[in-house]
Structure formats: structure tokens, C-alpha cells
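Participant: To start, I am sharing the structure in question, which I have written as C-alpha cells.
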Amino acid sequence: MSAPRLPAQCRDMADIREEIDRIDQQVIALLGERFRYVKAATAFKHSADAVRAKARFDSMLAQRRVWAEQQQLSADVIERLYRELVNYFIAEELAAWQAQQPASD
């Protein structure tokens, strides 16, 4: 893949699509990196409620709304995106946390 182009440097739709694909690949790689941190967090959680971390979840969504607005994006869309994404991560983290717990008789 060639060096990244600015939007104004794109000559045609092929250039635009190439840049969008490049960006999406980076976004997905970053989500994978984020997920690895989520999984690592299980070592520091001592209860299912700590995994769910409702106050942190709400705070995180509020901050993402601010960041979305700073980028002139819809805060509602970004919140929905992160709500879905983080709920998935929480479910995965909870499963990993539960698997680490000693079996009870």
C-alpha cells in the first residue's frame, strides 16, 4: 500500500476507498489492542460488579460523546457504537474473569 493521502490528494474513488480501507484496518487493530487491555484488566477485578463497572461505563460514554463532538461527529452515533462495543468487551471480560474464579462446591 502506498503512503497515506489526504482527502484532497485523492484522484478518484479508488484512492478514496484505499484510504478508507487503510483507516479501517488501523481502527480494527486499535480495537484489538483495546481488547487486550480489557482482558488484562481481569487480573485487577475482584467481583462481577467490578468487571461491569457501571459508573466507569457511564463516565466513559460521556467522555466519548465529548470527543465525538470535538471531531464534529454525532455524539449519539458514537455513544451507540461504544455502548455496543464495550458491552461486548464487558461480556468477554466477565467470561474470562469467571473462568479464573475457583470452583465452588
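Participant: Helix 13-41 against the longest principal axis of the chain: what's the angle in degrees, Cα atoms only, rounded to the nearest 10?
Facilitator: On a 0 to 90 degree scale, this one is about 20.
Participant: Only one of the values (i) 24, 13, 12; (ii) 36, 18, 9; (iii) 73, 53, 10 was calculated from this structure for semi-axes √(5λ) of the Cα gyration tensor in Å; name its label.
Facilitator: (ii)
Participant: Could you tell me which trypsin sites (Lys or Arg not before Pro) in region 1-102 are loop residues by DSSP with no more than 13 other beta carbons within 10 angstrom of their beta carbon?
Facilitator: Qualifying residues, ordered by number: Arg11.
Participant: Hey, another quick one. Given Cα pairs under 8 Å that are at least 6 residues apart, what percent is the relative contact order of the chain?
Facilitator: About 29 percent, as a whole number.
Participant: Let me ask another. Does region 1-41 come out rounded, prolate or oblate, given a ≥ b ≥ c as the square roots of the eigenvalues of its C-alpha gyration tensor, rounded meaning a/c under 1.5 and, failing that, prolate meaning a/b above b/c?
Facilitator: Note, shape of region 1-41 comes out prolate.
Participant: Taking a ≥ b ≥ c as the square roots of the Cα gyration tensor eigenvalues, with a/c under 1.5 meaning rounded and otherwise prolate when a/b beats b/c, else oblate, which class fits region 26-65?
Facilitator: Taking the square roots of the gyration eigenvalues as a ≥ b ≥ c, region 26-65 is oblate.
Participant: State in Å² the accessible area per residue of the chain; use a 1.4 Å probe, count heavy atoms of protein chains only, and round to the nearest integer.
Facilitator: In whole numbers, the chain has 75 Å² accessible per residue.
Participant: Could you work out how far apart the two model spin labels at Trp67 and Glu84 are, taking each label as a point 7 Å from the Cα in the direction of the beta carbon, and quote it in nm?
Facilitator: Placing both labels 7 Å along Cα→Cβ, they lie 1.8 nm apart.
Participant: Label points 7 Å out from Cα along the Cβ direction at Tyr37 and Arg52: separation in nm?
Facilitator: About 2.4 nm separates the two model spin labels.
Participant: Carbon and sulfur: what percent of the chain's accessible surface (1.4 Å probe)?
Facilitator: For the chain, the apolar C and S fraction of the accessible surface comes to 57 percent.
The values are calculated or read from the model by the stated rules, or taken from the named source; none is laboratory data. Keep in mind the model is a prediction, meaning the values are calculated, not measured. FYI the Cβ positions are ideal-geometry reconstructions off the backbone, even for glycines, and counts take in every protein chain you see. Remember, those area values only see protein heavy atoms, side chains included, never the ligands or the DNA or RNA. Shrake-Rupley method; radii C 1.70, N 1.55, O 1.52, S 1.80 Å.
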